[in-house]
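A quick write-up on the structure given underneath.
Every number here is computed from the coordinates shown, using simple stated rules; none is lab data. Note that the coordinates shown come from a computational prediction; the quantities given were computed from them, not determined experimentally. Cβ coordinates were reconstructed from backbone atoms using ideal geometry, including for glycine residues, and neighbour counts include every protein chain displayed.
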Amino acid sequence: MPTEILMPALSPTMEEGKLAKWTVKEGDEVAAGDVIAEIETDKATMEVEAVDEGTIGKILVGEGTDAVKVNTPIALLLTEGEDEGDLKKAESAKTEKTKSNGAAHPEADERPKAEPTAKSLEPDTEKLGKADGPVSVLVAMDKAEPPEDPEVPEGTEFEEQTVREALRDAMAEEMRRDGDVLVMGEEVAEYQGAYKVTQGLLEEFSARRVIDTPITEHGFAGLGVGAAFAGLKPIVEFMTFNFAMQAMDQIINSAAKTLYMAGGQMGCPIVFRGPNGAAARVAAQHSQDYAGWYSHVPGLKVIQPHTAADAKGLLKAAIRDPNPVIFLENEILYGQSFPVPKLDDFVLPIGKAKIARKGSDATIVSFGIGMTHALKAAEALAEEGIDCEVIDLRTLRPMDIDSVIASVKKTGRCVTVEEGWPQNSVGSWIASQLMVKAFDYLDAPVLSVTGKDVPMPYAANLEKLALPNPTEVVEAVKTVSYAK
Amino acid sequence: MAEAKTPSKGRGGRSTTRSGAGSSSRTSRKTAANKTRSAAAKAEKPATETAEKSAFDPIVFSKDEDLKAYREMLLVRRFEEKAGQLYGMGLIGGFCHLYIGQEAVVVGVQLSLKEGDQVTTTYRDHGHMLATGMEPRGVMAELTGRRSGYSHGKGGSMHMFSREKNFFGGHGIVGASVPIGTGLAFANRYRENDCVSVTYFGDGAANQGQVYESFNMAKLWHLPVIYVIENNQYGMGTSVARASATTELCKRGQSFDIPGHQVDGMDVRAVKAAADFATEHARSGKGPMILEMLTYRYRGHSMSDPAKYRSKEEVQKMRTEHDAIEQVKQRLLSDHKLSEDEVKEIDKEIRSVVNDAAEFAQNDPEPDPSELWTDIYVEA
Ligand SMILES: Cc1ncc(C[n+]2csc(CCOP(=O)(O)OP(=O)(O)O)c2C)c(N)n1
Ligand SMILES: [Mg+2]
């Protein structure tokens, strides 16, 4: 039987890609390791190498085909002793391949582009639904109002953008506006960013302002702090925030505390940004959510956006802010699209939460990727007659606790959602604030849905158990509503 | 027998140790001019006594040695090719860094280690695990995240360990394995055994601060550690020259007076010669040594690397002109007079070991859900 060559997954989050080019044709002999095709995802173009030796018997997916799903057979390889006859047999047999895709993550990076309507303000519920048990009975939402945002004037047009593009535009706009803004980090320039967030910046701003650093986080974070003391406004990209642990001392001891120690003489206008939290199957040392860690530290501002619009407006604000700002992104969100207002200079205020969904029965508070679980749970609960208000904190420090309190005064119940560990989490701070400031309004204890209290496991089934999901949010809301 | 090496004695003998290293290196090391097979090294005058850029003439391998090297390297290569294939099918997730091209480094070093010596490395660790004798089935099952994997599916490609084989990981953070390997050497010295710790890291990692903190302590306390820098010319998409102010990484120990040598990491015999020299040095109480292995990775940094930073011709040139496995194969055929069929037989054998591992790793069940909550603390 000829060997099927399958569309390979080329990254932890890839689900489909474009078969850009065949570098072999039918009848060509290939050896293991020979490049046979090029594949494009929204992040990169990559080469596919033959794994076995043989002859290319038949090409099944033509050049230029878009959205080829991972694991689709793309060609048939004839190995020693096989010929055309075997091809025919293979075709008539129409092999039923089981497509086990162990890497599948519910919120894949390469999701199909959503229609550019306000509807896609919400996460891709259909896709999320698949992997999440009870909540998957959900139908697509039809309510489509963009959330009120006082910064967006009436009549503004929106454009569909990925979070990745929005972040890039924010940096580019600020770099055009202010010659002291620069970007540095590992692979940010020539490679165009490990996650392609800095794509195109080197070309526009040159190597003077878009700087590839060695793999020396403690060093370049500290160097950025020094440059900021001297008045420059560095944007320091960590390839992921897991590696910022190498630089923790400079971030906290130098960036966060110097203004205070210097009696106000010397600020540190710097942004530390990069993906934070779990990606897909990258295990314990690469999957940590640092929201709780950084939001613990006076002197730092901490932002963790969910949508592309918030990513853009808040990153621009962070770059302009005269204080050190930790800007926590998320790899899984990079490829998701949201409407972004078409404005010349869209800047959002740091420290203001937003009501992502209005409701009256219970309050769900979240931020970053937690918002996908929160919104999805709210939709599922609506089906069951529980009308949730969902608050997106957007900024974790300074925290807009007033917005949370205002909501809880209305609903009397609160559930927080985050990916980090439970002890000393963002949720535990919110709970303590509500106890002090809204005690009389609470009808139930505040519950926190968090990542499990374990290092992130690698195995697909365990990873899924370790992460929070909409079902757990639904359960928590029902518990605080005494609805079960 | 190695001399007793209590910390106090070691400290007292510092200056003698230093001159000892110098003289012994002069006798057992060949000059750069003798070197013929270096992958990327330019012949150059040694700069200092302690950090000579030098070559180890490949020692002559017996038929058995070449056979062993061939099998081991081929196992790594075929294993990695299979891992790449399983990744493409979605059976392996996350990051998966293949070792293809660099096989001679770990196989050559391993040939001169003895029972009890420890190994630590980075996330590019599959080859190291196989070379230390870990089971292909267990490694592959960890890659697929299954219960019979070395970490019961909880560690994955980048985080695997085997106490039995003295393999101490498998570390995902660039540079972090270097102090850890140094600490293993500290334990050897503390216990006064004659084991050495081999600490592998990349050219990119060689710039991390903790590497130099480790160098200082290792020399200060005469720790039996061998720092093997696998210089595969790139740290992700950045060439050594774009990331490092000085590119002869073997000289990075100069400020600490740690001897360093550059080695043709594509020739398993040169690697073995260098490792013999370094292990002898470390075991006899003379302290750390740096071996910069000039090598090359054929594949992308991880599975999701577009590889736009180097030309296809560059990769192709290394593959066709310097391939470590091909070199041994040629020796087997011409020097040791094996027939094509005999070599093919070995290939088949290795392929079946790898296929068996892959088969096993696909059919092994996922870890029990209760595993989520185990191994967080040792029962106290
Ligand atoms: C502290 C830290 N920073 C960044 C990374 C991301 N990263 C993983 S491997 C790598 C390149 C390392 O290159 P090198 O040391 O030459 O080793 P090689 O991959 O070539 O074996 C980078 C930047 C990381 N894992 N840890
Ligand atoms: Mg390297």
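Ranked by Cβ crowding within 10 angstrom, fewest neighbours first, how are B:VAL60, B:VAL378, A:VAL70 ordered?
Listed from fewest to most nearby Cβ atoms, that is B:VAL378, B:VAL60, A:VAL70.
Please say if the range B:177-217 is rounded, prolate or oblate, where rounded means a/c under 1.5 for a ≥ b ≥ c the square roots of the C-alpha gyration tensor eigenvalues, and otherwise the choice is prolate for a/b larger than b/c and oblate otherwise?
Since a/c reaches 1.5 and a/b is larger than b/c, the shape of the range B:177-217 is classed as prolate.
When the expected Rg is taken as 2.2 N^0.38 Å, what fraction or multiple of it is the alpha-carbon Rg of the range B:49-139?
It is 1.25.
Mind pulling the per residue volume of the convex hull built on the Cα atoms of the protein assembly as shown? Å³ is fine.
180 Å³
Can you sort B:VAL105, A:VAL297 by how many other beta carbons sit within 10 Å, fewest first?
Fewest-to-most ranking of B:VAL105, A:VAL297: A:VAL297, B:VAL105.
Give me the distance between the Cα centres of the range A:332-394 and the range B:87-151, rounded to whole Å.
43 Å
Which value in deg cm²/dmol, rounded to the nearest 500, describes the helix-derived mean residue ellipticity at 222 nm for chain A, given -39,500 (n - 2.57) per DSSP H run of n ≥ 4 and division by the residue count?
-8000 deg cm²/dmol
Where does the charge balance sit around A:THR213 when Lys and Arg score +1, Asp and Glu -1, over other residues with C-beta under 11 Å from its C-beta?
-4
Could you state, as a whole-number percent, how many of the C-alpha pairs of the range B:67-189 are farther apart than 17 Å?
Considering the range B:67-189, 54 percent of its Cα-Cα pairs are separated by more than 17 Å.
Work the Kirkwood hydrodynamic radius out for the range A:267-342: mean of 1/r over every pair of different alpha-carbon atoms, inverted, in Å.
About 13.3 Å, per the Kirkwood formula over Cα pairs.
Starting from the eigenvalues of the Cα gyration tensor, five times each then square-rooted, give me the equivalent ellipsoid semi-axes of the range A:353-444, largest first, whole Å.
They are 18, 16, 11 Å, listed from largest to smallest.
In whole angstrom, note down how far apart the Cα centers of the range B:162-231 and the range B:328-380 are.
That distance is 26 Å.
In deg cm²/dmol, rounded to 500, what helix-only [θ] at 222 nm does chain B give when every DSSP H run of at least 4 residues adds -39500 (n - 2.57) and the total is split over its residues?
About -13500 deg cm²/dmol.
Around A:GLY451, with a cut-off of 13 angstrom between Cβ atoms, what is the net charge of the other residues, counting Lys and Arg +1 and Asp and Glu -1?
Taking every other residue near A:GLY451 into account, the sum is -4.
Across 10 Å bins from 0, what is the distribution of all Cα-Cα pair distances for the range A:290-423, in whole percents?
All Cα pairs considered, the percentages come to 13, 42, 35, 10, 1.
Once R0 is set to 25 Å, what does the formula 1/(1 + (r/R0)^6) return for the Cβ-Cβ distance between A:ASP180 and A:ASP344, expressed as a FRET efficiency to the nearest 0.05?
About 0.75, to the nearest 0.05.
Which whole number in µm²/s is D for the range A:1-82 by Stokes-Einstein, with the Kirkwood Rh taken over Cα pairs at 4 °C and 1.567 mPa s?
The diffusion coefficient I find is 103 µm²/s.
Once you've got the Cα coordinates, tell me which of A:LYS376/A:LYS452; A:LYS358/A:LYS409; A:LYS342/B:LYS308; A:LYS358/A:LYS410 are over 22 Å apart.
The answer is A:LYS342/B:LYS308.
If you wrap a convex hull around the Cα atoms of chain A, how much volume per residue is inside, in Å³?
About 158 Å³ per residue, rounded to a whole number.
Over all directions, what mean area does the Cα convex hull of the range A:163-301 project, stated in square nanometres?
8.3 nm²
Could you tell me the calculated FRET efficiency between A:GLU4 and A:GLN265, based on Cβ-Cβ distance and R0 = 51 angstrom, to the nearest 0.05?
0.15
Quick check on chain B: what are the equivalent-ellipsoid semi-axes from the Cα gyration tensor, as sqrt(5λ), descending, whole Å?
One finds semi-axes of 32, 26, 20 Å for chain B.
Picking from B:THR199, B:HIS159, B:ILE180, whose Cα lies most toward the positive end of the charge dipole for the range B:127-254 (charges on Cβ: Lys, Arg +1; Asp, Glu -1)?
B:HIS159
Residues with beta-carbon under 11 Å from that of B:LEU338, excluding B:LEU338: net charge, scoring Lys, Arg +1 and Asp, Glu -1?
-1
Rounded, prolate or oblate, given the Cα gyration tensor of the range B:268-351, with a/c below 1.5 counting as rounded?
oblate
In this model, which of A:LYS58/B:LYS82; B:LYS82/B:LYS312; A:LYS25/B:LYS329 are farther than 24 Å apart at the alpha-carbon?
Flagged as over cut-off: A:LYS25/B:LYS329.
What fraction of the DSSP beta bridges in the protein assembly as shown is antiparallel, stated in percent and rounded to the nearest 5?
Antiparallel: roughly 40 percent of the beta bridges in the protein assembly as shown.
Obtain the radius of gyration and the Kirkwood radius of the range B:305-380 from its C-alpha atoms and give Rg over Rh.
Computed over Cα atoms, the ratio is 1.24.
Quick one: Cα centre-to-centre distance for the range A:156-229 and the range A:292-310, in angstrom?
What the calculation gives is 18 Å, centre to centre.
Treat the count of other C-beta atoms within 10 Å as a stand-in for reagent exposure and order B:CYS96, A:CYS388, B:CYS195 from fewest to most.
Result, fewest neighbours first: B:CYS195, B:CYS96, A:CYS388.
What do you get for Rg/Rh over the range A:414-457 if you use C-alpha atoms and the Kirkwood form of Rh?
Using only Cα positions, Rg/Rh for the range A:414-457 is 1.05.
Set the Förster distance to 25 Å, then compute FRET efficiency between A:GLU384 and B:SER370 from the Cβ-Cβ distance, nearest 0.05.
My answer for the efficiency is 0.25.
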